[in-house]
Amino acid sequence: MKKILLVLLLFIIFLSNVKASTNSAYEYVLMDQTTGRVLKSKNMNEPRLIASITKIMTCLLAIESGKLDDKVEVTDIVLESYGSGIYIKEGEILTLRDLLYGLMLRSGNDAALMVASYIGGDIDNFVKMMNNKAVEIGMNNTIFVNPSGLDNSDTGNYSTAYDMAILTRYAMKYLEYREIVSTKSYVLKTNKNTYKWINKNKLLSRYDYITGGKTGYTEKAHRTLVSTGSKNNTDLIVVTINDSDDWNTHRELYEYGFNNYTAYKILDKDEVNIVGDTYYKGNFYTDKDVYIPLLNSETGTIRSHIILNKIDNYKTGDKVGVDNIYLNDKLLYSSNIYIDKDYIKKKKNIFMRIRDKIYD
């Protein structure tokens, strides 16, 4: 009996130390959200069925419509839904924003149909909007045929890990999107029902660094998963397609990114240092602080190339140029440069400089 217990104990210890392997994923990508740079990948440009991660595009188009607070009355279009749903009823009234929470947290196919018909007028027109947006943002290996991600024997939505990372990077620019996909649970009361939706993205509750994402599954596509994570000024995106162990694959890829790359502050939003005299008088600044993750071996290969345009009668807030950040000869990031004519840099006297040195 003691031998059996010892064997079981050793087996449990063994399992606890087994590390996930990205070998379980047919296709994946680890992308830096700031620059769009791919840090690690496998088969990332091979189009495959993507299941419900499709709904990222559906959500994005709804956000860009500017109608999130519109009250939407559910129509009989939801009767055509099957698979996962939030089970809204015909005649039920809720906002478009509410529908997006049901769409992204619970992967409601009925919500997808309702969003598509409300935004596009009909499903076919909305699908055209999806494909037009895909072309616009550079998803070159993607084709959408419906707003939900369901597939059948004839057709389905095809994309790649790289394209879905591009889409996610674009969507993360919107505060509304970030708020929705980072929500762990959502309570809603309508004229017909009260709902409590728990996010299917288990990574949100497992790891503090996870900031959002979307799950997906069909029998043909198998498991698909998109997630985003932030730690120590490093913002990452992970996409897996056809991965039976996707939760662990995502964890492993985040660990790789966070452990091997260090985020360096490349741009200061309050001040862009330009060497030498310029046409302009005042302070140069950018939109935001920019951190770029780099390997230790890459720190000496990063460079900034500033291009200023000469503008007559310029005023505070005018765009006066761009700052292009290169890694070796590859452009990583471009930031607009603005001018503040009214800024006066205060000169520090000897006592202030000594104080700053002491408290540095």
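Ordering I241, Y261, V74 by Cα displacement along the dipole of the chain toward the positive end leaves Y261 in first place; charges were set at the Cβ atoms of Lys, Arg (+1) and Asp, Glu (-1). A simple count of charges around L203, restricted to other residues whose Cβ falls under 14 Å of its Cβ and scoring Lys, Arg +1 and Asp, Glu -1, yields +2.
Relative to the longest principal axis of the Cα atoms of the chain, the long axis of helix 55-64 makes an angle of roughly 50 degrees. Counting charges near K269 (Lys, Arg +1; Asp, Glu -1) among other residues having Cβ under 15 Å from its Cβ returns a value of -4.
State the Cα centre-to-centre distance between segment 78-141 and segment 239-274 in whole Å. Each part's Cα centre sits 30 Å from the other's. Helices in the chain, meaning DSSP H runs of at least 4 residues, each add -39500 (n - 2.57). Divided by all residues, the mean residue ellipticity at 222 nm is -9000 deg cm²/dmol. Our summary of shape: the Cα atoms of segment 31-104 have principal axis extents of 47, 27, 14 Å, ordered from largest down, in whole angstrom.
Taking the longest Cα principal axis of the chain as reference, the axis of helix 161-171 is set at about 70 degrees.
Highest average first, the peptides 127-136, 325-334 ordered by how many other beta carbon atoms sit within 10 Å of their residues are 127-136, 325-334.
Within a straight-line Cα-Cα reach of under 16 Å, K315 can be paired with the following aspartates and glutamates, leaving aside sequence neighbours fewer than 8 residues apart in one chain: D340, D342.
Projecting the Cα atoms of L294, L60, L99 onto the charge dipole of the chain (Cβ charges, centred on the Cα centre) puts L294 farthest toward the positive pole. Applying a threshold of 27 Å to the alpha-carbon distances of K89/K133; K173/K214; K67/K173 flags K89/K133 as lying beyond it.
Using only Cα atoms, what is the ratio of the radius of gyration of segment 24-260 to 2.2 N^0.38 Å?
On the way: Rg = 16.6 Å, N = 237, 2.2 N^0.38 = 17.6 Å.
In units of the 2.2 N^0.38 Å rule of thumb, it is 0.95.
Taking Cβ atoms as reference points and 10 Å as the exclusive limit, the residues near A116 contribute a net charge of -2, counting Lys and Arg as +1 and Asp and Glu as -1.
How big is the charge dipole of the chain about its Cα centre, in debye rounded to the nearest 20, if each Lys and Arg gets +1 on its Cβ and each Asp and Glu gets -1 on its Cβ? Working shown, then result.
Details: 47 positive and 44 negative charges, 306 e Å.
Result for the chain is approximately 1480 debye, rounded to the nearest 20.
Principal-axis analysis of the Cα atoms of the chain puts helix 123-136 at an angle of about 30° to the longest axis. Each 10 Å bin from zero holds the following percent of Cα-Cα pairs in segment 231-286: 18, 30, 19, 17, 12, 5. Here's how it looks for M44: its modeled amide H is under 5 Å from those of Y28, which are all 5 or more places away or on a different chain. The charge dipole of segment 146-251, taken about its Cα centre with unit charges on the Cβ atoms of Lys, Arg (+1), Asp and Glu (-1) only, comes to about 540 debye.
All of the numbers you see were taken from the coordinates with simple rules; none came from a lab. Computed from a prediction, not measured in an experiment: that's the story for all the values here. No Cβ is skipped: glycine too gets one built from the backbone with ideal geometry, and neighbour counts run over all protein chains shown.
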